[in-house]
Amino acid sequence: MFGVPWHLLFLIMVQVSIGSDIANSIDTNRRLKGIPSIGTNEGNKFCFSFLQNNEENTINILSIYIGTQEHENVEYSIKSKISGVARNGIVKPGQIKKEFYQYTSYSNFETDLSFNPPRVKGMVPFNSVSNTGIIVETVDSSHKISVMGFSDGAETSDGFTAVPMVNMSKNISIDYQYSVFTAGGKESSIAAITMCDDFDTENVTIDATLISQRSFLPYNGSSLPFQSHYTYVITSSDDIISSINVVATQPIGFMTGHECGQISIDQVGCDHLIEQVPPSYTWGYNFLTAPFHTNNFGYILKLLPGKDFGTNFKIFCTVNTTVTVNTTVENFVRTDRLVANRGIFNITTQSYCTIQSNKPLAVMQYANSNSVIDVGDPAMVWIPAVSQYLNKYLITNDVSIRSQSFTSNGIYVTVLPHCFNASAILDETPTVHGLAAIAGLKKVCSKRIVPCICTCS
């Protein structure tokens, strides 16, 4: 549980990916097939919740990072029904504003705003139903921000990129689906539905054909009454949780992860894992993955179809010129989610992979644990579709706030063919020109804890 902070490293990597290509493995006519711009992770309103960290007997630092690329100051508000969470602030152009809180599940832990960071009781959902939903929004709805959340324990930490909310009335269909990904471990997997809009009640339905005994409450396969900021949590000790399918008629936040997952379960090292899953109508057709920085233990890819019929895809992986995976999967359905070489792929080498599908997919990438508690914590990262890549990103390269054991962090930049002459600008300093595609550029953003902007021009 020590060493490189994978939760920061690869989360950053995914968000700054400008693209990569493996020769002849992607249909160029479908490479940039468009999907909604929600994939940019910028918006004016976000809803989410944190998840329980494994370290119940220590105080965790919870943080909300808010960044903007607007050309003027942006006012934002953080809303919550938990006392001590709500705040108002201003983020400057190119700045990342950081809001910190202390939390623990100690029974005698009480809210005390005189501490630095302030202590907040009940900020993380622990029981089946709570009021722990958090809204972050801009005061002026025309302004855009991006939001990240971090749960930082003494030895287990992870972060997630918040998904912007959308106005459902502007979509063709009012129904949209979320599905759960869990990591390789079978202990303390978590999923949470958060109702964060400012309505009194809404409805969220659970597809009961995909789950059995364990479920969000009440278990009847019909509607769940939601109030603003309500969070429903389900925990499980086996992989059944990965099959939950949720259909909502209003925007929700859907969180998934592990209190402390092991990948795979026969490894020693575990880490807190958390991601927010975007709605299925934003899932994509083409994906690129690269190996984790300094980790030579291989990685795992888990896929889920947006439609439960007619999904065909190809996964193609190489190390330099050596093909390591070349598999075509036909009629991929949700029940294949844990079937080897259909829904789950164990990449045993430091391969670069492409995934091409005829229908939308979701892809999650997992870093394998080390066999000892050392460099190489497990990680869980949501992979964006190629069509969601942008040419400018505002990110942070913070290391763990609490632990001094994390030794390095950095950024991967991968480049699509049309961007071979790209340049990267880190901390306003030009670094590299003509970025190589397969090489998988590894670049430490800065030794300073400051934002950096990467551009592809």
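Structure data summary
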| quantity | calculated |
| --- | --- |
| Highest to lowest packing among 45-53, 306-314, 386-394, scored as the average C-beta count within 10 Å | 45-53, 386-394, 306-314 |
| Charge sum, other residues only, whose C-beta stays under 11 Å from Val136's C-beta, Lys/Arg counted +1 and Asp/Glu -1 | +2 |
| Gain on full stretching of the segment that runs from Thr335 to Ser264 - 0.36 nm per residue minus C-alpha separation | 23.5 nm |
| Most to least packed among 356-363, 156-163 [average Cβ atoms within 10 Å] | 156-163, 356-363 |
| Exceeding the 25 Å Cα-Cα cut-off - candidates Lys81/Lys302; Lys121/Lys302; Lys302/Lys392; Lys45/Lys98; Lys81/Lys392 | Lys81/Lys302; Lys121/Lys302; Lys302/Lys392; Lys81/Lys392 |
| Potential lengthening between Asn88 and Thr328 on full extension [0.36 nm per residue; Cα-Cα distance subtracted] | 81.4 nm |
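Read-outs: derived from the displayed coordinates by stated rules, not from any lab. Fair warning: this is a prediction, and the values are worked out from it, not measured in the lab. Every residue, glycine as well, gets a Cβ built from its backbone with ideal geometry; the counts of neighbours run over all protein chains shown.
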